[in-house]
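A quick write-up on the structure given underneath.
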Amino acid sequence: TERKLAIKALTVSETRYRCLFESAKDGILILDAETGKITDVNPFLINKLGYSREQFIEKEIWEIGFFKDIIANKDKFFELQQKGYVRYEDLPLKTADGKQINVEFVSNVYSVGRHKVIQCNIRDITERKQAEKVLRESESSLRDAQKIGNMGSWEWDLVTQKTNWSDNYFAIHGVKPSNVEPSFEFFRKRIHPDDGHFLDEMHAKIMKDKIPATIELRIIQPDGTLKWIQNNIVPVILDDKIVKLKGVIIDITERK
């Protein structure tokens, strides 16, 4: 009875593992930890790379051309074997039709009975890399636009009191990001003494009426010269409370 119960439990466990293995949305390879031969490959990786199961099974991983940038030779495999855990953040893989994808490669060594196996998880991060590239290009365009428009963006979280300034915001104030910690207090101290009350009055009005506002102020540069700015402020409201203020400052010195 105990043996039958143990066999039943093992069958259930294997069925669960097989379901996870077959339905995983990451590529999975199972290797013999001693020989480096592939003993199993899941359908996702077969479909992703466009190769047949036969092109994987019983092949030593360093013999398979499209893994040459990951496990290039036996020495690389032995390194994986000895460390027990290896992770590569961004590696190229080529599919059967010649398309290049970026993958994250993670491997773990573990025991199955008396034998050691290596499980390699291969995640396609191509879309994420493309999204990161688009984001970088977008941020670069935004920085260029702010320089051209002589403006800088800012954000002040009223809950955490954390403040963020764009690079050009620092430039308009004549300071470097590495030398100044962004804060409302720093901005307030840079305002000309005769203009400070205008900002205080406008801030109180925004907090009361919960509406955007615009104000023109003079700020004092580190060298003592004055610069005129236009500060456009927009409140961010959550549950009828202002949780954040955000906006842009524009250098209007020439215009003034």
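The values are calculated or read from the model by the stated rules, or taken from the named source; none is laboratory data. Remember, predicted model here, so these are calculated numbers, not experimental data. All Cβ positions, glycine included, derive from the backbone under ideal geometry; neighbour counts span all protein chains shown. To get the accessible areas, we keep the full protein, side chains included, count just its heavy atoms, and leave off ligands, DNA and RNA. Shrake-Rupley method; radii C 1.70, N 1.55, O 1.52, S 1.80 Å.
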Original post:
Going by a ≥ b ≥ c, the root eigenvalues of the Cα gyration tensor, does the stretch 135-192 fall in the rounded group (a/c under 1.5), the prolate group (a/b larger than b/c) or the oblate group?
Top reply: oblate
**OP:** Convert each backbone phi in the stretch 2-8 into a coupling constant with the Karplus relation 6.51 cos²θ - 1.76 cosθ + 1.60 (shift: θ = phi - 60°), then list the ³J(HN,Hα) values in order as whole Hz, x for Gly and Pro.
**Re:** 5, 5, 5, 5, 5, 5, 4
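Can you give the accessible area per residue of the chain, in Å², using a 1.4 Å probe?
Working: 15970 Å² over 256 residues.
Normalised by residue count, the accessible surface of the chain is 62 Å².
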Subject >> Share of carbon and sulfur in the accessible heavy-atom surface of the stretch 82-224 [1.4 Å probe, %] >> reply: 51
**OP:** Read phi for every residue in the stretch 124-132 and hand back ³J(HN,Hα) as whole Hz from Karplus 6.51 cos²θ - 1.76 cosθ + 1.60, θ = phi - 60°, with x for Gly and Pro.
**Re:** 6, 10, 4, 5, 5, 5, 5, 5, 5
Original post:
Looking at (i) 19.4; (ii) 26.1; (iii) 23.7, which value of Kirkwood radius over Cα pairs in Å comes from a calculation on the structure shown?
Top reply: (iii)
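When the helices in the chain are scored as -39500 (n - 2.57) per DSSP H run of 4 or longer and the sum is shared across all residues, what 222 nm value do you end up with, to the nearest 500 deg cm²/dmol? Display every interim value, and only then the final one.
Details: 7 runs with 90 residues, N = 256.
It comes out at -11000 deg cm²/dmol, rounded to the nearest 500.
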Subject >> Binned Cα-Cα distances of the stretch 108-206, short to long, each 10 Å bin given as a whole percent >> reply: 12, 26, 25, 13, 10, 9, 5, 2, 0
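Summing +1 for each Lys or Arg and -1 for each Asp or Glu, what net charge is found among the other residues whose Cβ lies under 9 Å from the Cβ of ILE172? Numbers along the way, then the final one.
On the way: positive: LYS227; negative: ASP251.
So the surrounding residues net to 0.
Using a 1.4 angstrom probe on heavy atoms only, work out the carbon and sulfur share of the accessible area of the stretch 23-69 in %.
With neighbouring chains kept in place, the figure for the stretch 23-69 is 48 percent.
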Original post:
Cα centroid distance between the stretch 106-175 and the stretch 1-18, in Å?
Top reply: 45
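Enumerate by residue number the trypsin sites (Lys or Arg not before Pro) in the stretch 1-72 meeting two conditions: DSSP loop (anything except H, G, I, E, B), and at most 10 other Cβ atoms within 10 Å of the site's Cβ. Intermediate values should be presented prior to the final figure.
Values: sites: ARG3, LYS4, LYS8, ARG16, ARG18, LYS25, LYS37, LYS48, ARG53, LYS59, LYS68; in loops: LYS25, LYS59, LYS68.
Sites meeting the loop and neighbour criteria: LYS25.
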Original post:
In degrees between 0 and 90, to the nearest 10, how far off the longest principal axis of the chain does helix 196-209 point, with axes built from Cα atoms?
Top reply: 60
